[in-house]
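The values are calculated or read from the model by the stated rules, or taken from the named source; none is laboratory data. What you see is a predicted model; the values in this text were computed from it and never measured. Cβ: placed from backbone, ideal geometry, glycine included. Neighbour counts: every protein chain shown.
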Amino acid sequence: MSTSRSRPAGRPPTTEAATGRVVVRLGGNQFEKPYGTVGRRIQVVSNYVEVSRYPKGEIYQYNVELKPERGAFTRLPPPAYTRAIFNQAMRMHCNSTLKGIPMVYDARKIAYAPKQVCEPGQTLTLDVTHTEDGRSEKFIIEIRQSAAVSANLLTEFMRGSKGVEIADIQPILNAFDLTIGSVIHAEMVGFGRSFFTRTQSMATSGGLELWRGFSFSFRPGVDRLYLNTNTAVTAMYTPGSLLEALVKILNLRDISQLRGRIAPDMVRIIGAYLRGVTLYIHHRGMPGRRKLTSKGMTRLPLDQESFDWEDPNNPGVSENITISKYYSKRYNITLRYPFLPGLAGRKNAVFPIELCEIADNQRYRGKLDERQTADMVTFACQRPSNNMDQIVQVLGKLDLGNSPVVKSFGLAIPNILSRVESRVLPAPTLKYGEASRPPQVTPVGGAWNMRDKSVLTGGTPLKYWGVLILANRNMLPDGKVHSFVTSLVNMCNQTGYQVQEAQPVIMYGNLSANIGSEMRRVYNAIKPPPQQLPQLLLVVLPTTNTQVYQTVKNCAYTTLGIHTQCMQAKHMQRPNPQYCANLCLKINVKMGGTNQGLPAADLQNMLRRKPTLFMGCDVTHPAPGEQYKPSIAAVVGSTDHMGLRYAATLIQLPSRQELVSLLRETVVRHLKLFFKSTHTKPQHIIFYRDGVSETQFNQVRDHELLEIQRACASLEAGYKPEITFVAVLKRHNTRFFPLGRDGDRTGNCVPGTVVDRSITIPTMFDFYLFAHGAIQGTSRPTHYYVLHNDAHFTADQIQQLTYHLCYTYSICTRSVSIVPPVYYAHRVADRARCHLVDFGIGFEEAASSGYYSAATTRAAAPAASNMVTRIITIHERLANSAYFM
């Protein structure tokens with residue numbers, strides 16, 4: 001294969017400085033990529049390695065069908081198993097049938113080769129014997145050519161050809177990813193494009209441990225190809241005794257505490273832990289280890305669970321025998337814990353827990369609890385310099401460029417991280433209330449304080465409110481409660497939000513009672529005058545229990561129609577001015593106020609003095625395996641000229657649907673709210689869309705942009721405001737490391753750092769932005785893509801507008817990492833849990849079977865109400881407010 005593409009590292013593409021655009025000449029079919037020019041120019045190190053050579057011509061894609069010699073798979077075995085079989089076949093047949101041509105395999109159905117291993121239409125059949133755990137099996141691998149993938153498309157894409165989409169180059173990138181993956185699998189445990197090792201691990205609670213690793217993927221840049229490498233962390237099952245794992249996940253002193261019937265909550269915990277886990281069981285008289293996957297647990301302990309058994313030493317005679325006695329007679333094994341239930345496997349087989357072991361190298365896909373999450377954050381949190389050093393070390397250790405397989409695919413990969421041009425945008429000036437000293441502040445390092453500041457505008461004065469204390473009176477006696485309320489009231493008044501009733505109704509509630517009833521009791525005790533309603537409940541919670549919090553919010557959102565401000569009881573013990581100030585900011589926003597904003601003249605200059613509706617949209621999906629829970633779209637829209645006040649709409653979608661249905665109706669609602677509040681029709685809509693992957697951009701933009709346009713047209717004939725559609729991507733593996741003194745005190749890039757060159761998408765108007773100052777760990781920039789641009793924003797204009805908006809997040813005196821409309825949409829989506837029933841996950845009792853089955857929501861019939869697209873209603877008194885703050 002011809003492999004002749006080479007360029008000196010760091011050679012910039014041709015630029016036109018006057019326009020800030022890169023222009024690649026392709027006979028009129030070029031994309032003019034906007035580049036920004038504002039800001040202090042610096043260089044940063046990226047976690048990208050510039051590929052010095054990649055192939056021209058074609059790489060061949062093959063369909064792979066792996067079959068046992070006898071019978072058939074009902075479904076493919078785990079990827080590690082199929083990969084091991086395929087690799088064995090490569091070793092056996094490489095120098096004969098395959099003529100020395102290497103193949104890389106995705107462990108499912110696809111493989112790639114740098115040359116043809118068989119003619120189109122021909123089937124290549126490989127026989128292979130695979131041995132694992134002392135057992136040998138024979139397999140047949142059938143290989144058929146399915147496509148010839150052109151690497152020339154990749155070259156065209158990186159040169160900015162409008163005729164090539166990012167989806168068109170995905171096959172060649174997949175081939176390159178699998179090529180290096182085949183090398184890395186020999187050193188680490190791989191899951192997709194991420195690879196981990198137990199040599200860097202930490203034990204956590206619940207029978208799990210945390211492993212450190214790396215992700216690897218090829219990314220196209222402007223006239224360059226890169227290998228992106230980033231650090232990663234995942235949760236893994238701790239291999240070894242299943243018995244010991246159960247003691248840990250159930251928080252037992254020892255296993256004897258399970259003597260007698262296991263409580264239903266323990267059954268659910270065990271079921272969630274064991275779902276999909278591969279176990280090994282050791283039997284005497286059996287060669288090696290036997291794999292099994294649990295389908296559930298027996299209802300009875302093994303010294304009571306029985307079946308009819310015919311002793312092979314006494315044929316023709318059947319007896320009813322318990323499982324524990326069976327193991328004693330059949331395998332001469334005396335069970336130490338016969339009072340435990342057994343695990344149910346295939347064909348109603350039952351296995352003692354004490355004989356089972358958890359297999360190595362298994363990833364945990366369940367939800368981590370609070371302690372595990374805290375451990376994960378601690379384990380993953382590393383200074384940028386440490387992350388960069390680890391990336392450099394692993395690249396040196398793997399030395400991918402010298403791998404024969406990598407070379408055979410025409411790739412040359414050095415071990416040097418690329419430097420990238422970047423700029424640091426100036427921070428905006430923020431405006432506070434006129435009583436502030438001074439009324440304007442310019443943040444430094446993405447942070448500022450409210451000392452001697454008053455809120456920009458105060459919300460509706462607080463007259464009719466109450467305090468519900470769900471903590472024990474011994475923990476929070478009356479004196480401490482009144483002292484805190486007084487401090488909160490004083491702080492609110494000092495910061496410009498008026499609290500006219502300094503002595504609200506204060507009542508203690510019973511956490512074990514119906515919380516909705518307890519809230520109504522306080523609500524009814526407030527007793528405002530006729531034509532007035534209670535405004536706010538301050539709810540004091542003894543713990544961070546999510547279920548209690550969601551119950552409080554559900555009652556407020558759906559039944560009472562009152563704003564709630566929750567707080568933890570520990571903060572009421574001793575009033576802290578900073579904490580009271582934070583509560584004040586949240587209450588002011590909920591009551592219609594604004595805390596800080598950009599100076600009107602500055603913002604209107606950036607918006608070209610056009611009334612602008614800012615919108616944010618995010619779609620969240622249920623966790624893996626919960627396909628019968630709905631997806632939720634959260635849409636927010638500004639209701640003022642300054643982009644400071646927002647209202648929200650929640651939309652329930654069928655599970656895993658990405659396109660937002662009912663978007664037209666939602667946009668109509670927000671256009672009307674903007675007009676009602678400002679008496680002005682928006683001339684410009686800026687729609688920030690989160691939760692979309694690069695391969696979905698065109699589909700989502702085309703559908704949702706059309707729905708926004710239709711919404712406008714439905715309100716008035718000829719009404720066509722300009723629309724700017726910006727996709728927002730936070731979950732990516734791109735990182736930047738500052739050089740020398742260009743970083744902040746944490747070693748991260750300073751707020752305002754923007755990267756729009758070299759490593760960005762060649763055919764898109766995109767940029768990376770650090771809008772926030774890091775507190776700890778390694779910062780992740782947000783990746784913005786301008787997918788539609790009626791306003792003809794330049795790169796400088798959209799970058800500065802987006803960056804400046806990040807200083808207007810209403811309840812924080814720090815700039816935030818993602819533009820506020822999207823941040824608010826995240827909060828709204830999170831609040832959706834308070835509206836919807838949580839089905840829960842766990843073992844379900846199956847009346848027709850003799851054991852607790854491992855059924856989850858996957859096996860349950862979908863509730864019809866969960867698949868219906870509908871707008872989730874909130875109480876009319878809250879619907880147009882920032883209740884979600």
Among residues of the stretch 671-727, those that are part of a helix (DSSP H, G or I), farther than 30 Å from P171 by Cβ and without any contact (Cβ under 8 Å) to a residue 60 or more places away in the chain, counted: 14
All positions within the stretch 67-122 that are β-branched (V, I, T) and touching a Lys or Arg at 6+ places or on another chain (Cβ under 6 Å): I101
Selected residue (criterion: farthest from Q596 (Cα to Cα)) from residues of the stretch 439-475 that are assigned by TED's automatic domain parsing to the domain that holds A569 and among the basic types (K, R): R473
Any hit, the stretch 386-409, residues being in contact with a Leu (Cβ under 9 Å, 6 or more places away or on another chain) and surrounded by fewer than 16 Cβ atoms within 10 Å (Cβ to Cβ): no
Count of residues meeting criterion [outside any loop (DSSP other than H, G, I, E, B) and at pLDDT below 95] in the stretch 728-763: 4
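Every residue, every condition in (1) assigned by TED's automatic domain parsing to the domain that holds G466; (2) among the hydrophobic types (A, V, I, L, M, F, W, C), yes or no:
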| residue | (1), (2) |
| --- | --- |
| Y557 | yes, no |
| T564 | yes, no |
| K570 | yes, no |
| P577 | yes, no |
| C584 | yes, yes |
| Q596 | no, no |
| P611 | no, no |
| M615 | no, yes |
| S631 | no, no |
Residue among G466, G496, G479 that is in a loop (DSSP other than H, G, I, E, B) and of a type outside the set (A, V, I, L, M): G496
A829 at pLDDT 65 or above, in a loop (DSSP other than H, G, I, E, B) and surrounded by 19 or more Cβ atoms within 10 Å (Cβ to Cβ): no
Filter pass, L258 being farther than 25 Å from P171 by Cα and at pLDDT 90 or above: no
Residue in the stretch 849-865 that is in contact with a helix residue (DSSP H, G or I) (Cβ under 7 Å, 6 or more places away or on another chain), at pLDDT below 95 and not assigned by TED's automatic domain parsing to the domain that holds Y579 present: yes
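Rundown of residues vs (1) under 30 Å from P34 (Cα atoms); (2) within 25 Å of the chain's Cα centre (by Cα); (3) assigned by TED's automatic domain parsing to the domain that holds Y785, yes/no style:
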| site | (1), (2), (3) |
| --- | --- |
| E156 | yes, no, no |
| Q170 | yes, yes, no |
| D177 | yes, yes, no |
| A186 | no, no, no |
| G190 | no, yes, no |
| R193 | no, yes, no |
| F196 | no, yes, no |
Qualifying residues in the stretch 272-305 (those that are buried (at least 17 other Cβ atoms within 10 Å of the Cβ) and part of a loop (DSSP other than H, G, I, E, B)) - the one modelled with the lowest pLDDT: R289
Residue identified as surrounded by 19 or more Cβ atoms within 10 Å (Cβ to Cβ) and under 23 Å from N361 (Cα atoms) among A107, A113: A107
N63 vs. criteria at pLDDT 90 or above, exposed (fewer than 15 other Cβ atoms within 10 Å of the Cβ) and closer than 30 Å to K407 by Cβ: yes
Selection within the stretch 641-668 - in contact with a strand residue (DSSP E or B) (Cβ under 6 Å, 6 or more places away or on another chain) and assigned to a helix (DSSP H, G or I): T666
Leading residue by the ranking (farthest from L279 (Cα to Cα)) among those in the stretch 315-342 that are loosely packed, with under 13 Cβ neighbours inside 10 Å and among the hydroxyl-bearing types (S, T, Y): S318
Qualifying strands (runs of 3 or more DSSP E) (wholly inside the stretch 147-241; at least 2 residues being without any contact (Cβ under 8 Å) to a residue 40 or more places away in the chain and at negative phi): 194-203, 208-221
Of all residues making up the stretch 764-777, the number that are at pLDDT 95 or above, in a loop (DSSP other than H, G, I, E, B) and crowded, with 23+ Cβ neighbours inside 10 Å: 3
Selection from the stretch 523-540 of residues that are within 22 Å of K480 (Cβ to Cβ) and within 38 Å of the chain's Cα centre (by Cα): L536, L537, L538, V539, V540
